[in-house]
1. Using θ = phi - 60° and the Karplus form 6.51 cos²θ - 1.76 cosθ + 1.60, what ³J(HN,Hα) does each residue of region 42-57 get, whole Hz, x for Gly and Pro?
2. Between V58 and V19, what is the label-point separation in nm under the 7 Å Cα-to-beta-carbon projection?
3. Classify region 29-70: rounded, prolate or oblate, from the alpha-carbon gyration tensor (a ≥ b ≥ c, eigenvalue square roots; a/c under 1.5 rounded; otherwise prolate if a/b is larger than b/c)?
4. Could you give the length gained on full extension between E45 and V4, defined as 0.36 nm per residue of separation minus the Cα-Cα distance, in nm?
5. What number comes out for the charge environment of D21, summing +1 per Lys or Arg and -1 per Asp or Glu over other residues with Cβ under 15 Å away?
6. Tell me the per residue accessible area of the chain using a 1.4 Å probe; a whole number in Å² is fine.
7. Where a ≥ b ≥ c are the square roots of the eigenvalues of the C-alpha gyration tensor, would you call the chain rounded, which needs a/c under 1.5, or, failing that, prolate if a/b is larger than b/c, or oblate?
8. Give me a comma-separated list of calculated 3J(HN,Hα) values for region 21-31, in order, Karplus coefficients 6.51, -1.76, 1.60 applied at θ = phi - 60°, integers in Hz, x for any Gly or Pro.
Amino acid sequence: MLSVIGHTSQGVSGPANFVIDPSGRWLYVNNSTADSVAQFAVGPETGELTPAGRTTPVPVPLMLALRHQD
């Protein structure tokens, strides 16, 4: 079950949606007003987010989705 444990704005501008990778280690945020996707590390014990320092330029990002790999 998800619950709010905090907020972060570092590396985020106009967040539209987010995804958590299948390992649960990374969260990606769609920055719709900055045309980019920001990456955050997810704390394994607390779930707290730490900016990974990685922002990927993406022209007009609308939605994030993960591709399932077998």
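The values are calculated or read from the model by the stated rules, or taken from the named source; none is laboratory data. In this text, all values refer to a predicted model and were calculated from it rather than measured experimentally. As a convention, Cβ positions derive from the backbone with ideal geometry for all residues, glycine included, and neighbour counts pool all protein chains shown. Only protein heavy atoms, including side chains, enter the accessible area calculation; ligands, DNA and RNA are left aside. Shrake-Rupley method; radii C 1.70, N 1.55, O 1.52, S 1.80 Å.
1. Taking θ as phi minus 60°, the curve returns 9, x, x, 8, 10, x, 5, 9, 10, x, 8, x, 10, 10, 9, x Hz for region 42-57.
2. 0.7 nm
3. On the way: a/c = 2.51, a/b = 1.33, b/c = 1.89.
It comes out oblate by the Cα gyration axes.
4. Contour length minus the Cα-Cα distance gives 13.3 nm.
5. On the way: positive: R25, R54, R67; negative: none.
Net local charge, D21 excluded: +3.
6. Each residue of the chain exposes 77 Å² on average to a 1.4 Å probe.
7. Working: a/c = 1.80, a/b = 1.23, b/c = 1.46.
Because a/c hits 1.5 or more and a/b fails to exceed b/c, the chain counts as oblate.
8. Once rounded to whole Hz, the list reads 5, x, 6, x, 8, 10, 10, 10, 10, 7, 9.
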